[in-house]
Amino acid sequence: MFKVKSRDKETRARTGTLETAHGEIPTPIFMPVGTAGTVKGILQRDLTEDINAKIILGNTYHLYLRPGTGILKASGGLHKFMNWSRPLLTDSGGYQVFSLAGNRKLTEEGAVFKSHIDGSRHVFTPENTIDIQRIIGADIMMALDECAPFPCDHRYAEKSVALTHQWLDRAVSRYKETEPLWNYEQLLFPIVQGSTFDDLRKISAEKAASINMAGNAIGGLSVGEPADEMYRIIDIVNEILPDDKPRYLMGVGTPVNILEAIERGIDMFDCVMPTRNGRNGMLFTSEGIINIKNRRWIDDFSPIDPSGPSVVSLYYSKAYLRHLVISGEILGSQIASIHNLSFYLRLVSEARVKIEEGNFKRWKEQMIIKLSERL
RNA sequence: UCCUCAGUAGCUCAGUUGGUUAGAGCAACGGACUGUUAAUCCGUGGGUCGUAAGUUCGAGUCUUACCUGGGGAG
């Protein structure tokens, strides 16, 4: 159940709450990515207490291959398995089918793919990805889709959308004819596709809206297209997606991307950027974006981020974090990830406050400038 | 003192029977990363080949002397 709390007067931005079986999620929200049942390098305790993540992702593809549905079922679902009591969302594996391009084949039935772990053959269908997500016990499940590559021609995109829609119908049927395994409600979100083609995006948004699920997702963006293209598509799609349901922009993005999308009416985000880029030395701070590996930080003993999105941001210096990352120390990855995730969570939290205060637009314009700066 | 092995990039080392602008890994420096196949990947700089002489059309490669280091003998 989604409730809109307040709306920005100048833009499509809004705040709200999404109720799930494991708790209420304030929106707009950023969801840390925890592919294999872990947000890489971060303890669940830090996730709840320091970062204050309201919901995290898991991935059907990865969890299905390892540890496998047997263990997930025996453990009582992913929440229990990983000791996470807040909401979970699982991606259907559609994106993996896309990113494993060389190793898969799409058929009407589903996606045939080879495991990146041992090369074994598997098939994902709209039906079995629902079944797997039932076993995982995700509060929000995603329908299997095809994430078309960019660039792709209209013909390919049209066929891809048709396949995604056919799969969507089947996923919805399976969803409706099955019960949750763990005695709590699981939501299912459809995914809008259509590459950068306005007509296909409109058709796809209408399709998603028509099946009347608890929320809707936009996929197939930030796959290489220019940011302006992405913003344009978001505008087109959000014009059509129901306003009283949450809109989830999958896989996005940079802090700037997120603010631009919030302005356009997006409520939910996920992205590997704060964790992966953090591990690789990229820090998002109130002072700008920094590459902590650069020599210039070698003797900068000021806090990682004096504005302190997390305790580690204030507790450790840039010079120390540089030393850790340069030395390949695990703690470096952890600190960078905790800081970046906290930065992202605080960014959306501030956005919520600004929307409610009625000065989102002005705040956003100022933030964009700061967030684009590279030090 | 003699014998022997070795000296090539900051480090550890490749470099065919002599044959073009001497390579690698690591380190350094910079970059990429957007529903994670990523503690990953890409790029750049850096060498009087221990020194000096010789042989040769041509020497990191062969010869001689010396210097430095390892091992051995006395």
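Roughly how far apart, in whole Å, are the Cα centres of region A:18-92 and region A:271-340?
24
Over the Cα atoms of chain A, how large are the radius of gyration and the largest Cα-Cα distance (Dmax), in Å?
20.1, 61
To the nearest 10 degrees, how steeply does helix A:126-136 sit against the main Cα axis of chain A, on a 0 to 90 scale?
Here the helix axis deviates by roughly 50 degrees.
When Lys and Arg each count +1 and Asp and Glu each count -1, what net charge do the other residues less than 14 Å away from A:I304, Cβ to Cβ, add up to?
Result for the local shell: 0.
Would you mind telling me the share, in percent, of accessible area of chain A contributed by carbon and sulfur at probe 1.4 angstrom?
Reported share for carbon and sulfur atoms: 50 percent.
Limiting things to C-alpha atoms, what are the Rg and the maximum Cα-Cα separation (Dmax) for region A:95-146, in angstroms?
When restricted to the Cα atoms of region A:95-146, Rg and Dmax are 11.3, 31 Å.
Label A:E329 and A:D131 with points 7 Å out from Cα along Cα→Cβ: what is the distance between them in nm?
Computed distance between label sites A:E329 and A:D131 equals 4.9 nm.
Taking only Cα atoms, what is the 0 to 90° angle, nearest 10, from helix A:330-357's long axis to the longest principal axis of chain A?
Approximately 80 degrees, to the nearest ten.
Using a Förster radius of 51 Å, what is the FRET efficiency between A:L314 and A:K5 based on their Cβ-Cβ separation? Nearest 0.05, please.
The value I calculate is 0.95.
Cross-link candidates for A:K3: which aspartates and glutamates have Cα within less than 13 Å, leaving aside residues fewer than 8 places away along the same chain?
A:E19, A:E24, A:D243, A:D244, A:D267
Please report how far the C-alpha centroid of region A:115-181 lies from that of region A:219-237, rounded to the nearest whole angstrom.
Taking the Cα centre of region A:219-237 as reference, the centre of region A:115-181 is 21 Å away.
When Lys and Arg each count +1 and Asp and Glu each count -1, what net charge do the other residues less than 10 Å away from A:R264, Cβ to Cβ, add up to?
Cβ neighbours under 10 Å give a net charge of -1.
Give the total of Lys-Lys pairs in region A:33-144 with Cα-Cα distances below 27 Å; include a pair only if its members are 8 or more places apart or on different chains.
8
Between helix A:198-210 and chain A, what is the angle of the helix's C-alpha long axis to the longest principal axis, kept within 0 to 90° and rounded to the nearest 10?
Taking the Cα atoms of chain A, the angle to A:198-210 is about 70 degrees.
Can you pull the one-decimal nm distance between simple spin-label points at A:E239 and A:S120, each 7 Å off the Cα toward Cβ?
Taking the two extended label points, one gets 4.8 nm.
Return the lysines within reach of A:K9: Cα separation strictly under 16 angstrom, same-chain partners fewer than 8 residues apart disregarded; answer none if there are no such residues.
Cα-Cα hits under 16 Å: A:K354, A:K361, A:K364.
Which whole-number value in Å² is the accessible area per residue of chain A, probe 1.4 Å?
41
Antiparallel DSSP bridges in chain A: what percent, to the nearest 5?
50
What percent does the relative contact order of chain A come to when contacts are Cα pairs within less than 8 Å and at least six residues apart?
18
The values are calculated or read from the model by the stated rules, or taken from the named source; none is laboratory data. Keep in mind that what you see is a predicted model, and the values were worked out from it rather than measured. So basically every Cβ, Gly included, is an ideal-geometry build from the backbone, and we count neighbours across all protein chains shown. Remember, those area values only see protein heavy atoms, side chains included, never the ligands or the DNA or RNA. Shrake-Rupley method; radii C 1.70, N 1.55, O 1.52, S 1.80 Å.
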